[in-house]
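A short write-up of the structure that comes next.
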Amino acid sequence: KQEVTQIPAALSVPEGENLVLNCSFTDSAIYNLQWFRQDPGKGLTSLLLIQSSQREQTSGRLNASLDKSSGRSTLYIAASQPGDSATYLCAVNTPLVFGKGTRLSVIA
Amino acid sequence: ETGVTQSPTHLIKTRGQQVTLRCSSQSGHNTVSWYQQALGQGPQFIFQYYREEENGRGNFPPRFSGLQFPNYSSELNVNALELDDSALYLCASSLGSYNSPLHFGNGTRLTVT
């Protein structure tokens, strides 16, 4: 059974700092991995999708990497801003199996 | 391009009642998935519909049922509501492939008292 773990559960950083969020999964036989952002009480916004054959994807200040063999993914956020404050969720496959998320606070 | 829309946004029901949640998929998408997200948890897969047929189901009891219509919109029905059914219910649509990204709606917040 696939299990997804995200560390840390919560993170608070000053504005402008670069940061890394971690995601690990137990079964390396995945089709893809997706990173989402969730604002309080809202739905999920897709940030990046990495296919199983890819190693990384970039969008603006975001960069996600995937290492299938070790069952890990990281989401790198450069030059963090207060507007980045949200919960970040990673999920693998279809149907998606989610981690519990990392709650990020960026302090101005 | 119209995104995924869900209705209602909030709902309060009493234990034992029945509820129907609705979802309109993004234009051009033929697959709809439903997820339940309890407070502080990641979303849990309920089931998926592809071209009006159930195409996968998570670990949820039969009192959770669904439909997909010819226009690819979908309903989630929950019978005999329990207190633990209180959660955010999320609908996501995609263009029917394992490698297509899912696009989520803003969810329906269900409270069971």
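Values in this text are rule-based calculations from the coordinates and carry no lab data. This one's a predicted model, so the numbers in the text were calculated from it and none came from an experiment. A quick note on method: Cβ atoms are made from the backbone with ideal geometry, for glycine too, and the neighbour counts reach across all protein chains shown.
Residues whose amide H comes within less than 5 Å of that of B:T5, counting only those at least five positions distant or on another chain, are B:S24 (H built at 1.01 Å from N in the peptide plane). Of the trypsin sites (Lys or Arg not before Pro) found in segment A:54-105, those that fall in a DSSP loop while having at most 13 other beta-carbon atoms within 10 Å are A:R55, A:R61. If only the Cβ of Lys and Arg carry +1 and only the Cβ of Asp and Glu carry -1, the dipole of the protein assembly as shown around its Cα centre is close to 180 debye.
How high is the relative contact order of segment B:15-97, given as a whole-number percent (alpha carbon pairs under 8 Å, six or more residues apart)?
Values: 179 pairs, mean separation 35.9, N = 83.
Reported as a whole number, the value is 43 percent.
Counting only other chains, what is the mean number of Cβ atoms within 10 angstrom of the Cβ of each residue in peptide A:96-104? Kindly include the intermediate steps, with their values, before the conclusion.
Working: counts 10, 5, 7, 2, 3, 5, 0, 1, 0.
If you average over the peptide's residues, the count of other-chain Cβ atoms is 4.
Net charge dipole, chain B: roughly 180 debye, given to the nearest 20, about the Cα centre with Cβ charges of +1 for Lys and Arg and -1 for Asp and Glu.
With contacts taken as Cα pairs under 8 Å and at least 6 residues apart, chain A reaches a relative contact order of 38 percent.
Counting only other chain Cβ atoms within 10 Å of each residue's Cβ, the peptide B:34-41 averages 3. Loop-located trypsin sites (Lys or Arg not before Pro) across segment B:2-41 with a Cβ neighbour count of 14 or fewer within 10 Å are B:R15, with loop assigned by DSSP.
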